[in-house]
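The values are calculated or read from the model by the stated rules, or taken from the named source; none is laboratory data. Computed from a predicted model, the values in this text were never measured in an experiment. Using ideal geometry, Cβ is built from the backbone for each residue, glycine included, and neighbour counts are taken over all protein chains shown.
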C-alpha cells in the first residue's frame, strides 16, 4: 500500500519495419523517417506517449532531461521530471493542440528514482504550473524519499509562496501544494481513465527504483526508468503496445574507462541486452530513450540492436516524438 506524506519538429525515427530499412540501418544510413504524429494530429482520445525529454545527465542541447507524458483521454500522466519539463510540455501542447499538456493542467507525476537528472525539473513542475493558475495540488508518486524531497522543495520556495499568496498578484490557494506518496510495488494509482502499476527495477544501488505500466483506453504502455537488464520488463510488457526503454551502445561501451564500465553495467541496459529483452517482451513498438551513445549515431545504435537479433518495430526516440 502507498505510504502517504505531507526546436524544429523532429519526426520519430522508426527503423526496421521493413527489411530494406534494416539493411539501411546496418549500413549506417537511416531509412526515410515516417511521422509519429504530425502537428495538428488529434491526441485528445485514446492513449499516446509523448517524449518530453530523452536526455541523460549530460547537457545535450537537443535533448531535455528525462520526462515522458502518457496521454490517456487527453489527460497527461508524467513520468520523471528532468530539466525543461514544463516548457517541453508547453511546446508539445502547442504543436499537437493538447490542453492536457498546458502548464495549468500538469498535476500528476510519477518518479522512477531520485537521480538528479530525473528530478531537477521538480521545482519547475511544482511552481510554474501554479503561476499558470493550476488549481489542484500536484499529485506526486515515487520511491522512498519522494515525499521528503517534495517537502524540502516547497520549503525552499517559502518566500515565493508567501509573496504570491499575500501580495497583489492573483494566485490559486492550493496549486503550489504537493501531495506526495512514497510507493511500494503494485497498483499505485487508478482513476476513470488509467491504471498505473509500479514494478521494481535494479539501478546502481538505489534501494528503490521503479518502472511503470499504464493501462488505459485499450493500450498498454511500459516505461523502464533507468535499469540494468531485468526480467521484470518482460513480465510487465508481455506484448504491450509501447515499451519505452533506456539504452547504451554496447560498441562504444568498450572504450569507456574501467570504472565507468563497472558503473554502467550495473546501472543501465546495453543495446545487446535490450535486444534480448525486447525479443521476449514482444512490444508493439520499442522506443529508445535516455540513450548513452558516447559518439555512436542513432543509426549505429539501431544497427547494434538489429545485429543482436531483435527484429520487431523499433524507434530511436527524440524529444517531442509521439507514439
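Tabulated data
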| read-out | value |
| --- | --- |
| Candidate set from segment 185-194 (those that are touching a strand residue (DSSP E or B) at 6+ places or on another chain (Cβ under 8 Å) and surrounded by fewer than 15 Cβ atoms within 10 Å (Cβ to Cβ)); member that is nearest to residue 119 (Cα to Cα) | 185 |
| Strands (runs of 3 or more DSSP E) wholly inside segment 41-144 containing at least 2 residues that are within 21 Å of residue 198 (Cα to Cα), at pLDDT 95 or above and more than 14 Å from the chain's Cα centre (by Cα) | 138-142 |
| Pairs with Cβ under 6 Å, 6+ apart, first in segment 132-157 and on the phi > 0 side of the Ramachandran plot, second assigned to a helix (DSSP H, G or I) | 133/104 |
| All strands (runs of 3 or more DSSP E) inside segment 159-237 with 2 or more residues being closer than 19 Å to residue 281 by Cα | 195-200, 210-216, 219-223 |
| Any hit, segment 283-294, residues being buried (at least 23 other Cβ atoms within 10 Å of the Cβ), out of contact with any helix residue (DSSP H, G or I) (no Cβ under 9 Å at 6 or more places or on another chain) and within 23 Å of residue 48 (Cα to Cα) | yes |
| Subset of segment 263-303 [modelled with pLDDT of 95 or more, assigned to a loop (DSSP other than H, G, I, E, B) and under 22 Å from residue 67 (Cα atoms)] | 268, 269, 283, 284, 297 |
| Filter result for residue 165 (modelled with pLDDT under 95 and over 24 Å from residue 271 (Cα atoms)) | yes |
| Flag for residue 259 being at pLDDT 95 or above and either surrounded by fewer than 19 Cβ atoms within 10 Å (Cβ to Cβ) or not in a loop (DSSP other than H, G, I, E, B) (or both) | no |
